[in-house]
Amino acid sequence: MTRLVVRPAPAVSFTLHKRGVVTGIGLLVALALAAVASLSIGSTFVEPGDVLRALFDIPTWADRLVESRIPRIVLAMVVGAALGLAGALLQGVSRNPLASPDVIGVSQGAGLAASIVIVSGAPIAVLPPLALLGGLGAAAIVLLFGSVRGNRFVLAGIAVAVALRALTEIVIVGAAPIDGQRAQIWIVGTLAGWGYDEALVIAVVIAVLTPVLLWAGRALDTSALSDDVAMAIGVRVGPRRLVMALSGVVLAAFAISQVGAVDFVALAAPQIARRLAKAERPPLFCAAVTGALLTVAADTAARTLFAPNQLPVGVMTAAFGGLYLIWLLVRRKR
């Protein structure tokens, strides 16, 4: 007689650290305040109270003004969240705080493809998909030459990034001045002229990858272990590392393909979140909110500090990132 044994499915559990939860809530509050401030500041100043009334559908004189600013703020949040997640995944699996899309060549691959599209006069509709393919192609080259671990991964990425950047400069120099300037602005990264459509594309990618991100939140807990120890406890190190690295690359490539290379967000956001949460590895949720906060703050500064002229948001994120790296160097020296 054959017995049928039904085993219960293993329970899915998550570990919540008190410091991480408090940090996440604090970052969400800071992001909300930054969004309200960004909606208030502009060519016409809107009182924060009027902003809140407009958001809650209470009639006010600033309704249309606030509504015109919301798409850009939403896009900044989504882009920053995607880049923060991408940086956290790449830094977690490689165990290297320098691993980020703008260091390992994803941004440069997308920039090269976008520059070719812009200077060739091709329809603008093909720019995002070709930029996406350029970013993914650059990442594939890096993964081919460098293992997803430590310094080799970063060094391979830097080599590919430098080569792709040189090719991009050749394309821009040989183009008409106006086309070269347009390509350069895209490469730096800008949110001007974009809105809900671009935000929706990135948000859908994040939503599709949410199950992987939930799994990665637990998988990253073992990233600090050596390969021998991880394999001894039953962890399939290679496939796990590859899935998380590919997820980070896809998130970054989609974000960059929509708005250009917004540098340093993916580099700095995970490390800031890790220090705030006092965690051994970058917490994914905190990294996402930190990335959104940095991008909203940088975009607000880019469009207001030099008004009526507006700077690309990538200029401000690069400036913030440079100051952050200098602070890290001074702090480590002390």
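The values are calculated or read from the model by the stated rules, or taken from the named source; none is laboratory data. The structure displayed is predicted, hence computed values, not measured ones. Here Cβ is always computed from backbone atoms with ideal geometry, including for glycine, and neighbour counts include all displayed protein chains.
Brief remarks follow.
- Taking segment 297-334 as the range and being part of a helix (DSSP H, G or I) and charged (D, E, K, R) as the test, the residues that pass are D299, R303, R331, R332, K333.
- Among the criteria (1) under 18 Å from A30 (Cβ atoms); (2) free of Cβ contacts under 8 Å to residues at least 40 places away in the same chain, the one T290 does not fulfil is (2).
- Matching residues, segment 35-89, being among the aliphatic types (A, V, I, L, M), part of a helix (DSSP H, G or I), touching a residue at least 40 places away in the same chain (Cβ under 8 Å) and in contact with a Ser or Thr (Cβ under 6 Å, 6 or more places away or on another chain): I73, A76, V79, L89
- V117 vs. criteria within 25 Å of A297 (Cα to Cα) and among the aliphatic types (A, V, I, L, M): no
- Any hit, segment 88-97, residues being buried (at least 24 other Cβ atoms within 10 Å of the Cβ), of a type in the set (G, A, S) and either touching a strand residue (DSSP E or B) at 6+ places or on another chain (Cβ under 6 Å) or closer than 26 Å to I172 by Cβ (or both): no
- Residue among A163, A122 that is among the small types (G, A, S) and either within 17 Å of A266 (Cα to Cα) or assigned to a loop (DSSP other than H, G, I, E, B) (or both): A122
- Within segment 153-169, being aliphatic (A, V, I, L, M) and either buried (at least 17 other Cβ atoms within 10 Å of the Cβ) or under 9 Å from I104 (Cα atoms) (or both) holds for V154, L155, A156, I158, A159, V160, A161, L164.
- The requirement of being buried (at least 16 other Cβ atoms within 10 Å of the Cβ) and among the hydrophobic types (A, V, I, L, M, F, W, C) is not satisfied by V126.
- Segment 23-57 - residue that is hydroxyl-bearing (S, T, Y) and surrounded by 15 or more Cβ atoms within 10 Å (Cβ to Cβ) and, of those, farthest from A292 (Cα to Cα): S40
- Yes/no for A114 being within 11 Å of the chain's Cα centre (by Cα) and of a type outside the set (D, E): no
- Unique match (being more than 28 Å from P211 (Cβ to Cβ) and assigned to a helix (DSSP H, G or I)) among A114, A140: A114
- Residue count for segment 1-38 under the criterion of being within 23 Å of the chain's Cα centre (by Cα), hydrophobic (A, V, I, L, M, F, W, C) and at pLDDT below 90: the result is 2.
- Restricting attention to segment 298-307, the residues that are surrounded by fewer than 21 Cβ atoms within 10 Å (Cβ to Cβ) and either under 16 Å from the mean Cα position of the chain (by Cα) or at pLDDT below 80 (or both) total 1.
- Restricting A163, A219, A175 to those that are at pLDDT below 90 and more than 23 Å from L284 (Cα to Cα) reduces the list to A175.
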